[in-house]
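**Student:** First, the structure itself, so that you have it in front of you.
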Amino acid sequence: MLKIRIIPCLDVKDGRVVKGVNFVDLVDAGDPVEAAKEYDRAGADELCFLDINATHENRGITYDLVRRTAEQCFMPLTVGGGVRSSGDVRALLKAGADKVSFNSAAVANPETVAEAANLFGSQCIVAAIDAKAARPGRWEIFTHGGRRSTGIEAVGFAKLMEKKGVGEILLTSMDSDGTRNGFDLELTRKVADSVSIPVVASGGVGNLDHLVEGVSKGGASAVLAASIFHFGEYSIREAKDYMALAGIPVRQQ
Amino acid sequence: MPTVIVDYDSGNLHSALKAFQRMAVETGDGEVAVSSDPDSIAKASRVVLPGVGAFGSCREGLENRDGLLEALAHSVRIRGVPFLGICVGMQLLADMGREHGDTPGFGWIPGEVVPINPRGSRFKIPHMGWNELAIERTHPVFDGIISGDHAFFVHSYRFDSKCPESVLASTFHGEAIAAAVGAGNIVGTQFHPEKSQHLGLRLIENFLRWTP
């Protein structure tokens, strides 16, 4: 049986983890490669790097970082942030990313995503959707790190992304992100039920019940979290043990 | 002669190379190289064929490199060196791929590559993530790997074997899926050993030690 994935996400700026990662035995808490190695050892199912100030100039840093991480971590790695073209995808895949996520560029021009999925295969193209509730039952897409409203309805956009050939949707609720109050379960459920590709729930995890709910109520195929893992509140193993007890199928080692 | 990972521009070979290099140190197997040079492939001591994307574009990528398919066939079919196909690299072993039209495979293991057709809508496609292996046959490449161990999969098509004894391991995602196939000096895994943490590294180590 396919297992629900637990994915720690590292926000990276200029090649350093922002917000910090607070593992006991890390020599350098700001080094994403060290953090990645630790998560690999801990049995994370995948890892996500989000380049939060992706600009043309610092791209080289990201490529180098992805390369150094891929050398040491034998688990899937998704990289996102500032991805605009098939050329960006190619460079990130070459550096060692397994999946590349499009965000603003997918909204600006969905054909960019179609082209990349065609060239590299659906399995490595992710649509990262940042959505915010506009009114009950309607969510709209925000781009540029959640700063720009587009007026585009999120569930329909997720379906469009599936049609354009993406292999997965990384769905972040801008309302929940950073609140530690849990995922937007209604949004997650709506999107998960509307597409036949896997949906990764993101934004708002503050405890292990939230991870369980993302799956049991939200219908997510994977759950992404940052701070609860980075600050050592919960280990990957604790999260998996807890989910297993709640009846969620997870990979335990 | 080194182990050669065949480079035909099918995605990321970096992590595969690193995984093989790491395990080659363990086995004392020496050099691992990434190459698209037919001469290197024809002389390799072991051949690894990765593959991501569509069946047809992988086949085309191989054909577009002069002499590459011939070099592969020479090593694997005539010299009989150990061969490992990964993901679409395994699917190419079949007679035919049915993804976006029909594309012939190598025909080294009888079967065809067909869409995963899960019974029940709760099975998402692609089949993406960690799934349990059921070991169907003992094989040196699966030494130390047992049923219930997890491997990382990401694919929408499956190898429909026409020869049940070639299926070394299977998994389940709404229907039975061949997780590994093998015949003689040839093995293929639908999952990604280079992304499957301990299990994957173990399989790579076994492959590097394998003398069919």
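**Student:** Any residue that is more than 19 Å from B:THR3 (Cβ to Cβ) and surrounded by fewer than 21 Cβ atoms within 10 Å (Cβ to Cβ) - is there at least one of those in segment B:79-96?
**Tutor:** Within segment B:79-96 (the criterion being more than 19 Å from B:THR3 (Cβ to Cβ) and surrounded by fewer than 21 Cβ atoms within 10 Å (Cβ to Cβ)), the answer is yes, since at least one residue qualifies.
**Student:** Can you tell me which residue is farthest from A:SER235 (Cα to Cα) among those in segment A:194-218 that are within 14 Å of the chain's Cα centre (by Cα) and assigned to a loop (DSSP other than H, G, I, E, B)?
**Tutor:** Checking each candidate, the answer is A:PRO198.
**Student:** Out of all the residues in segment A:93-114, which are surrounded by fewer than 20 Cβ atoms within 10 Å (Cβ to Cβ) and facing another protein chain (nearest Cβ under 8 Å)?
**Tutor:** A:LYS94, the sole residue that qualifies.
Quick grid of which residues meet (1) among the acidic types (Asp, Glu); (2) within 21 Å of A:ARG251 (Cα to Cα); (3) out of contact with any Leu (no Cβ under 6 Å at 6 or more places or on another chain):
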site	(1), (2), (3)
B:GLY107	no, no, yes
B:ILE116	no, no, yes
B:HIS173	no, yes, no
B:SER196	no, yes, yes
B:TRP210	no, no, yes
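**Student:** Criterion first (surrounded by fewer than 17 Cβ atoms within 10 Å (Cβ to Cβ), free of Cβ contacts under 8 Å to residues at least 12 places away in the same chain and out of contact with any Phe, Trp or Tyr (no Cβ under 6 Å at 6 or more places or on another chain)) does B:SER147 satisfy it? Explain how you work it out, then say what you get.
**Tutor:** Numbers: surrounded by fewer than 17 Cβ atoms within 10 Å (Cβ to Cβ): yes; free of Cβ contacts under 8 Å to residues at least 12 places away in the same chain: no; out of contact with any Phe, Trp or Tyr (no Cβ under 6 Å at 6 or more places or on another chain): yes.
Here the answer is no, as B:SER147 does not meet what is asked.
**Student:** Identify, from the list A:ARG84, A:ARG90, A:ARG68, the residue that is buried (at least 17 other Cβ atoms within 10 Å of the Cβ), modelled with pLDDT of 90 or more and either facing chain B (nearest Cβ under 8 Å) or in a helix (DSSP H, G or I) (or both).
**Tutor:** A:ARG68
**Student:** Mind checking which pairs have a first residue in segment A:141-155 that is on the phi > 0 side of the Ramachandran plot and a second that is of a type in the set (S, T, N, Q), Cβ under 8 Å, 6 or more apart or different chains?
**Tutor:** What qualifies is A:HIS144/A:SER104.
**Student:** Here is a follow-up. Can you list residue pairs whose Cβ atoms sit under 8 Å apart, with the first residue in segment A:160-176 being in contact (Cβ under 8 Å) with a residue 40 or more places away in the chain and the second being surrounded by fewer than 24 Cβ atoms within 10 Å (Cβ to Cβ) and of a type in the set (Phe, Trp, Tyr)? Count only pairs 6 or more apart in sequence or on different chains.
**Tutor:** Hits for this filter: A:MET174/A:PHE142.
**Student:** Moving on to the next point. For segment B:41-56, what are the residues that are more than 16 Å from B:GLY85 (Cβ to Cβ) and surrounded by 19 or more Cβ atoms within 10 Å (Cβ to Cβ)?
**Tutor:** Within segment B:41-56, B:ALA42 is the sole residue that qualifies.
**Student:** I'm trying to understand the selection: among the residues of segment B:12-35, which are within 14 Å of chain A (Cβ to nearest Cβ) and more than 23 Å from B:HIS198 (Cβ to Cβ)? Lay out the reasoning, then the answer.
**Tutor:** First, the residues of segment B:12-35 that are within 14 Å of chain A (Cβ to nearest Cβ): B:12-23, B:25-26, B:32, B:34.
Listed by number, the list holds a single entry, B:VAL34.
**Student:** Still on this model: From B:HIS173, B:HIS198, grab the single residue that is within 14 Å of chain A (Cβ to nearest Cβ), in contact with a strand residue (DSSP E or B) (Cβ under 6 Å, 6 or more places away or on another chain), surrounded by fewer than 24 Cβ atoms within 10 Å (Cβ to Cβ) and farther than 18 Å from B:LEU49 by Cα.
**Tutor:** B:HIS173
**Student:** Moving on to the next point. If B:HIS198 passes every condition in (1) in a loop (DSSP other than H, G, I, E, B); (2) free of Cβ contacts under 8 Å to residues at least 12 places away in the same chain but one, which one does it miss?
**Tutor:** All conditions pass for B:HIS198, except number (1).
**Student:** Name, by its number, the condition in (1) crowded, with 24+ Cβ neighbours inside 10 Å; (2) small (Gly, Ala, Ser); (3) outside any helix (DSSP H, G or I) that does not hold for A:SER149.
**Tutor:** (1)
**Student:** Residues A:ALA128, A:ALA117: which one is at pLDDT 95 or above and surrounded by 20 or more Cβ atoms within 10 Å (Cβ to Cβ)?
**Tutor:** Within the list A:ALA128, A:ALA117, the selection yields A:ALA128.
**Student:** Continuing with this model, one more query. Restricting to strands (runs of 3 or more DSSP E) lying wholly in segment B:52-168: which have 3 or more residues that are more than 10 Å from chain A (Cβ to nearest Cβ)?
**Tutor:** Of the strands (runs of 3 or more DSSP E) lying wholly inside segment B:52-168, those with at least 3 residues that are more than 10 Å from chain A (Cβ to nearest Cβ) span B:83-86, B:111-115, B:157-161.
Every residue, every condition in (1) within 13 Å of chain B (Cβ to nearest Cβ); (2) in contact (Cβ under 8 Å) with a residue 40 or more places away in the chain, yes or no:
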| position | (1), (2) |
| --- | --- |
| A:ARG180 | no, yes |
| A:LEU187 | no, yes |
| A:VAL191 | yes, yes |
| A:VAL212 | no, no |
| A:VAL215 | yes, yes |
| A:VAL223 | yes, yes |
| A:LYS240 | yes, yes |
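**Student:** Return the total of residues in segment B:176-191 being more than 12 Å from the chain's Cα centre (by Cα) and within 14 Å of chain A (Cβ to nearest Cβ).
**Tutor:** 2
The values are calculated or read from the model by the stated rules, or taken from the named source; none is laboratory data. As the structure is a computational prediction, the values presented were derived from the model and not from experiment. We place every Cβ from the backbone using ideal geometry, glycine too, and count neighbours over all the protein chains shown.
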